[in-house]
Amino acid sequence: MDDLREIEAIKRLKYRYFRCLDSKCWSELADCFAEDAVASYDGGKYAFEGREKIMGFLEGALGRPTALTMHHGHHPEIELTSPTTATGIWYLEDQVIDAERNTMLRGTAFYRDEYVKQDGTWRLQSTGYERVFEEVQDRSETPSLRITKNRFVPA
């Protein structure tokens, strides 16, 4: 039963990671990472060491009010490797609308994570993904396509 509680806490960590990423809650997202965490996004194309550098990248890439994102994590495979460490694989489905460039990226990937429990709280020690596929669409090719709501831009 204790293992199930730990696995559920790790799932909640990853769910919070995705929610904070899409809602641009940067300080709450930062708390998902260990201070010395590492990240390797897009097969290593974007690699960072340390929470501060990871957060600088994420906020810089997705912090604009015209960057609208959806990240879904599915099918977690979590393995506890010790009382304070674990690994996980998640299937990612994501969509990124760049309203400035009028493009939309859609894709899937597999996240591979390492977790560490610090002071009773699970955090990401290492995270990153490799794409299964990615496609980009020029949104101007569909004239009727428009953003009708954006929580980051006042109406």
Within the chain, cysteines having no neighbouring cysteine beta carbon under 4.7 Å are Cys32
Note, Ala67: beta-carbon cut-off 13 Å, +1 each Lys/Arg, -1 each Asp/Glu, net -1
Tilt, helix 2-23 to longest principal axis of the chain (alpha-carbon atoms), in degrees rounded to tens, equals 20 degrees
Under a 1.4 Å probe, counting only protein heavy atoms, Ser140 has an accessible area in Å², nearest 10, of 70 Å²
Across all Cα atoms of the range 1-66, Rg and the largest Cα-Cα distance (Dmax), in Å, are 13.2, 44
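Got a sec? What order do Tyr15, Tyr46, Tyr41 fall in by accessible area at 1.4 Å, biggest, i.e. largest, first? Don't skip to the end; give the middle numbers.
Numbers: Tyr15 105, Tyr46 85, Tyr41 5 Å².
Heavy-atom accessible area, descending, gives Tyr15, Tyr46, Tyr41.
What full-extension length gain, to one decimal in nm, is calculated for Thr84 and Asp119 as 0.36 nm per residue of separation minus the Cα-Cα distance? Could the numbers behind the result be given before it?
Numbers: separation 35, 0.36 × 35 = 12.60 nm, distance 0.97 nm.
Net length gain for the segment: 11.6 nm.
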Expected field for Phe133, accessible surface area in Å² at 1.4 Å probe radius, rounded to 10, holds 80 Å²
For the range 48-155, the accessible surface attributable to carbon and sulfur atoms (probe 1.4 angstrom, ligands and nucleic acids excluded) amounts in percent to 49 percent
Counting only protein heavy atoms and rolling a 1.4 Å probe, one gets per residue an accessible area for the chain in Å² of 59 Å²
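Quick one: length gained pulling Tyr46 to Ser23 fully straight, 0.36 nm per residue minus the C-alpha distance?
Length gained, Tyr46 through Ser23: 6.2 nm.
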For mean projected area of the Cα convex hull in nm² the list reads [x] 9.3; [y] 10.0; [z] 10.6; the calculated value is entry [y]
Heavy-atom accessible area of Lys45, protein chains in place, probe 1.4 angstrom, given in Å² to nearest 10, is 140 Å²
For Lys53, the aspartates and glutamates lying under 13 Å Cα to Cα, once residues fewer than eight places off in the same chain are dropped, come out as Glu35, Asp36
For the chain, longest principal axis from Cα atoms; helix 51-62 axis from its Cα atoms; angle between them, nearest 10 degrees, is 20 degrees
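The values are calculated or read from the model by the stated rules, or taken from the named source; none is laboratory data. All values derive from a computational prediction rather than experimental measurement. Because the Cβ atoms are built from the backbone with ideal geometry, glycine has one as well, and the counts that use them run over all protein chains shown. Ligands, DNA and RNA are excluded from the accessible area calculation, which covers all protein heavy atoms including side chains. Shrake-Rupley method; radii C 1.70, N 1.55, O 1.52, S 1.80 Å.
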